[in-house]
Amino acid sequence: QICNQHNAEGPNLEQAFHRMAQTEPNLDHDVSWFLLPSYWSKMVVAFISFLCFANSYDGDFVFDDSEAIINNKDLRAETPLGDLWHHDFWGSKLSSNTSHKSYRPLTVLTFRINYLFAGGFYPVGFHVINIILHCTISVLMVDVFSILLGGLQFSNKGRRLNLAPKTSLLAALLFAVHPVHTECVAGIVGRADLLCALFFLLSFLGYCKAFRESKEGHNFSIFWVLVSVTLGAVAMLCKEQGITILGLNAVFDALVINKLNVLELIQKLLHKDKSLENVGLLRKGLLFRITLLMSGGASILYIRWRIMGTGPPAFTEVDNPASFADSLFVRAINYNYYYSLNAWLLLCPWWLCFDWSMGCIPLIKSVSDWRIIALAALWFCLIGLICQALCSEDSHKRRILTLGLGFLIIPFLPASNLFFRVGFVVAERVIYLPSIGYCILFTYGFSLLCKQAKKKKILAVAVLGILLINVMRCALRSSQWRSEEQLFRSALSVCPLNAKVHYNVGKNLADKGNQSAAIKYYREAVRLNPKYVHAMNNLGNILKERNELQEAEELLSLAVQIQPDFAAAWMNLGIVQNSLRRFEEAEQSYWTAIKHRKKYPDCYYNLGRLYADLNRHIDALNAWRNATVLKPEHSLAWNNMIILLDNTGNLAQAEAVGREALELIPNDHSLMFSLANVLGKSQKYKESEALFLKAIKANPNAASYHGNLAVLYHRWGNLDLAKKHYEVSLKLDPMAPGTKENYNLLRRKLEQLQKKGG
C-alpha cells in the first residue's frame, strides 16, 4: 500500500502506481452525488453540454467573426496554404507593424476547411464544429478530473483507475455548463480557445500515459513525454495559452507522481539541507522529465518569437487603459482588480459582455476607491488557499488545492499583463482553461461540506440547482450570440459606460437603414469617449448622407486631427469638402488618404468623381483606372469610365472599356446597361438590344432600363416595342426624365402613321 507520510517512499515507485490506495482519503466517500459507470458519465456530460449551446447552431457571423472569417483571405482557396504560417489570426502578415501578432495557423486552417466544405460563408457549419468541440472537451474533462481529484492509479493490467467517479462527474458537469464559456462556443472566433483546450487536455492525458508500466519495466515512457510536448506545441498553434500545459505537467509530475511536499522542500533549501532526495526532488526521472518539458517549451517559444518577426503588437490606450498608466501603483492596483473581476465571472457568471474595454471598467486611481475591497477579498481567498495548499498536514488536501490553484492561475498568466501588454481589459474567452481550476476547487469545497453536513441531500439539491441555473443561463446567452443586434443590445445593461457597445449598436442600426437611431448611439459613443475616431467617422458619414455637411466636416476633421493616419476619415472628409464645393481641399484630403493607405480603390473612385466635376477628364479616367486595377470588380469605377467616354463622344473607347468590364464582372446589369447605351449610339442595335434585355432580366424594375431600350427601338424603327417599353418605364417611374416627352413624340408619330394608312 502507499504510505501517507510526507517523506515516505515505497520500495518501488512503479509498484505504487499499480496498487489501490487504501489509506488515501477518497473524495467520493462523503459526497452525496450520482454514481454512474464511466461510459454513462461521459454520455450525460456530452448531452448536457450539447443542450447548453445547441440553440447557437444557426446563429450569424457576429462581432470579430467578420474580420477573422469573412474578411480573412486566408480562408479562400486561391490563397496558398503556406501563407497561413506567415500570417496572423486575422490574415495580416506577421512582419507588418500593424499585425495583431496572434499566431494561430491551425485554427485558421479549420476555418478554411469549414469554408471549403460549405462552399462559402455559411455560419451553420462553423457553429456546429464549435459545439462538437466543446462537447468533446467536456467529455475529456471526466478523465482529467478523475486524475486531478482521485490521483493517478493503474491496475495490474495497466488500466487507469477512476478513484473519484462521483466528484469527477460533478466537476465535468460544472465545466460543461459554465455560462462564461458561451463566448468560446457561440462565437465562432472562440474556436481558437476550444482547439487550444482540446490539445491542452490531450497533452495532459498523454503525459499521464507516460507513467503506465511499459514492457521494459521502466518507470516512465519518454515517448509519451515527447508526445505530450508535441501536443502542447499544437495547442499553442491554436492559441498562445496552450504552452502553459507544459508547466502544469511539471507541477502534476512533482505533486502527484513524486508526491513532493513544496513547503518542506523550501525549508530544506533555506536550511541548505543536503537530504533533498528524501523529499522526492531527485527521484528517478523527475529532473530529466522537467528538463524535457522546459527544453520543449523554450524551443517552442523561441520558434514562436522568430516567426513573430517584429516585437510585440501595438495596442492603444482604449484597449487596455491600465497598461498605459504612468504610475506603477495605478497599474498594479488595476491589474489586480481585473483579476478579481475574472474570479467573479467564474463565481457568478451573470453579467456577461462581448467587450469590456472603452470605459466599461473605469480606472482605480486612489486607495479611497471602494473597489479596493474586491482586491482585498481576492487576495484574502488566494492567500488562504495557498497557505492550506502548502501547510496542511493532509497530503491529499495539499495535492488537490495546489493542482486547483495551478490550473486556475497558470493558464491565465499569458492574459495577466505580467509578461507583456494584452489588448483587452477583461475577456471571457481567456478563462475557458482557468475554469478547470475553479471546478476543482468548487468540487473539493463541496466534498468538504458534505463531510461536515448532516443533511447531504440538501447540498446535492443546491448543487443541482446551480447546474440547472447555469444550463438556462447558457441557453439564454447562446441565443444572444445568435445575432449582432441581440449581442450588442445585451451589453448595454452590463457595460453602459462602454463606448464600443454604443458604437456597435449604432453600426448595426445603420446597416439596417435606421439612421436616426444610429445617430443617437454614435453620439453617445463619442460623448463617452471623445477620442473615438471610428464613431466620429461613422457619424460623420451618416450626417453627410443627410446633407448636414457642416457638422459632418467638424467631426471628420476632428477624427483626422486625433488620428492623422486614419485613411477612411480623410476620404470621407474629402467627400464632404467636395459637396461643399471646396475642391482643392477635397483633392488634398483624398491624396492624404491614399498616402496613408496605398491600395485604396474607393478613394481613387471618389477622386475620379472630383476630377469629373472639374472637367479634368483625363485625371478622372486615370483615377478610375487605378481603382479598377486595385479592385477589378469595382463596378462604379468601370461605369463612370464608360459614361464619361460616352458623354465626351469617345464611343469606340467607351465600348472597349465596357467589354473589358463585362469580362471581369459578367453579371453586372448596370455595366450591361451602360455598354448597351454606347452600342445603341454606335448603331449596333442588335447587340445593344440583347444587352438591354439581359439587364432588364436581371433588374426588371429599373425604369431607366425600359426607357433607354424604348429609345433604342424608337431609333431602330420598332415603334410598337418602343411604345411597350416607354409605358413600362412610365408605370415604374411616372416622373422619369425625358421618358414622357419621348413617349408623346412616339404617340404623335404613330397617330400620323395611322392617318396616312387610313
Quiz prompt | Euclidean distance between Cα centres, region 312-380 to region 588-643, Å | solution = 46
Quiz prompt | Protection proxy ranking of 340-347, 125-132 - average other beta-carbon atoms within 10 Å, highest first | solution = 125-132, 340-347
Exercise. Could you give the size of the charge dipole of region 37-308 about its Cα centre, using +1 on the Cβ of each K and R and -1 on the Cβ of each D and E, expressed in debye and rounded to the nearest 20?
Key: 1140
Quiz item: Near the amide H of Phe154, under 5 Å away, which other amide H atoms are found, from residues 5 or more places off or on another chain, if H is placed in the peptide plane?
Solution: His18, Arg19, Leu161
Practice problem: Read through the labelled values (i) 135, 69, 56; (ii) 106, 76, 56; (iii) 122, 54, 50 and report the label of the one computed as Cα extents along the principal axes in Å from the structure. | Solution: (iii)
Quiz item: By a straight-distance test (C-alpha under 12 Å), which aspartates and glutamates pair with Lys684 as possible cross-link partners, with residues fewer than eight away in the same chain excluded?
Solution: Glu655
Quiz item: For the chain, with every protein chain kept in place, what is the accessible area per residue (1.4 Å probe, Å²)?
Solution: 47
Exercise. Would you calculate a helix-derived [θ] at 222 nm for the chain, using -39,500 (n - 2.57) for each DSSP H run of n ≥ 4 and dividing by the full residue count, to the nearest 500?
Key: -20500 deg cm²/dmol
Practice problem: State the percentage of accessible surface on region 599-720 attributable to carbon and sulfur atoms; use a 1.4 Å probe and exclude ligands, DNA and RNA. | Solution: 49
Quiz item: With point charges of +1 on the Cβ of Lys and Arg and -1 on the Cβ of Asp and Glu, referenced to the Cα centre of the chain, which listed residue (Ala235, Ala210, Thr291) lies farthest in the positive direction of the dipole?
Solution: Ala210
Quiz item: Straight-line reach from Lys756: which lysines have Cα under 21 Å away, leaving out those fewer than 8 places along the same chain?
Solution: Lys723
Exercise. Can you tell me the order of 469-479, 663-673 when each peptide is scored by its average per-residue count of other Cβ atoms within 10 angstrom, highest first?
Key: 469-479, 663-673
Practice problem: Starting at the first residue of region 682-698, write each ³J(HN,Hα) from the Karplus equation 6.51 cos²θ - 1.76 cosθ + 1.60 with θ = phi - 60°, in whole Hz, x for Gly and Pro. | Solution: 7, 6, 9, 4, 4, 5, 4, 4, 4, 5, 4, 5, 5, 5, 5, 4, 6
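Under a Cβ-only charge scheme (Lys and Arg +1, Asp and Glu -1), can you give me the dipole magnitude of the chain about the Cα centre, in debye to the nearest 20?
1000
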Quiz item: Can you list residues whose amide H is under 5 Å from His87's amide H, if they're 5+ apart or on another chain and H is modeled 1.01 Å from N?
Solution: Leu94
Exercise. For the chain, build the charge dipole from Cβ charges (+1 Lys, Arg; -1 Asp, Glu) around the Cα centre, then report which of Trp85, Ala415, Thr110 sits farthest towards its positive end.
Key: Thr110
Exercise. Describe numerically, in nm with one decimal, the distance between label points set 7 Å from Cα along Cα→Cβ at Gln388 and at Val629.
Key: 7.0
Quiz item: Arranged from highest to lowest average of other beta-carbon atoms within 10 Å per residue, in what order do the peptides 31-41, 66-76 appear?
Solution: 66-76, 31-41
Exercise. Under 1.5 on a/c is rounded, so check that first for region 559-637, then, if it is not, pick prolate when a/b is larger than b/c and oblate when it is not; a ≥ b ≥ c are the square roots of the alpha carbon gyration tensor eigenvalues.
Key: oblate
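Past 26 Å, Cα to Cα: identify those pairs from Lys686/Lys724; Lys512/Lys694; Lys631/Lys731; Lys507/Lys731, in the order given.
In this structure, Lys512/Lys694; Lys631/Lys731; Lys507/Lys731 exceed 26 Å between Cα atoms.
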Quiz item: Looking at the square roots a ≥ b ≥ c of the eigenvalues of the Cα gyration tensor of region 496-557, which shape do they give, rounded for a/c under 1.5, prolate if a/b is larger than b/c, or oblate?
Solution: oblate
Exercise. Grab the Cα-Cα distance for Phe419 and Leu721, subtract it from 0.36 nm times how many residues apart they are, and report the gain in nm with one decimal.
Key: 101.1 nm
Practice problem: Provide the per-residue ³J(HN,Hα) series for region 592-607, in order, calculated from phi with Karplus coefficients 6.51, -1.76, 1.60 and θ = phi - 60°, each as a whole number of Hz, with x at glycine and proline positions. | Solution: 5, 4, 5, 4, 8, 9, 4, 9, 10, x, 5, 6, 4, 4, 5, 4
Practice problem: Using only the Cα atoms of region 37-308, build the gyration tensor, take square roots of its eigenvalues as a ≥ b ≥ c, and label the shape rounded, prolate or oblate: rounded if a/c is under 1.5, else prolate if a/b is larger than b/c, else oblate. | Solution: oblate
Quiz prompt | ³J(HN,Hα) computed for each position of region 553-561 - Karplus, 6.51 cos²θ - 1.76 cosθ + 1.60, integer Hz, glycine/proline x | solution = 5, 4, 5, 5, 5, 5, 4, 6, 6
Quiz item: Round to a whole number: what % of the accessible area of region 314-426 belongs to carbon and sulfur, probe 1.4 Å?
Solution: 72
Quiz item: Ignoring any ligand, DNA or RNA, what whole percent of the accessible area of region 37-308 comes from carbon and sulfur when the probe is 1.4 angstrom?
Solution: 66
Quiz item: Quick one: which of Lys73/Lys681; Lys544/Lys740; Lys397/Lys457; Lys544/Lys697 span more than 30 angstrom between C-alpha atoms?
Solution: Lys73/Lys681; Lys544/Lys740; Lys544/Lys697
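If I take R0 = 51 Å and measure r between the Cβ atoms of Val318 and Gln752 in this structure, what FRET efficiency does the formula 1/(1 + (r/R0)^6) give, to the nearest 0.05? Walk me through the numbers before you get to the answer.
On the way: r = 73 Å, r/R0 = 1.44.
The pair Val318/Gln752 has a calculated efficiency of 0.10.
The values are calculated or read from the model by the stated rules, or taken from the named source; none is laboratory data. Everything numeric in this text was worked out from a predicted model, so none of it was measured. We place every Cβ from the backbone using ideal geometry, glycine too, and count neighbours over all the protein chains shown. Surface areas here come from the heavy atoms of the whole protein model, side chains and all, with no ligands, DNA or RNA. Shrake-Rupley method; radii C 1.70, N 1.55, O 1.52, S 1.80 Å.
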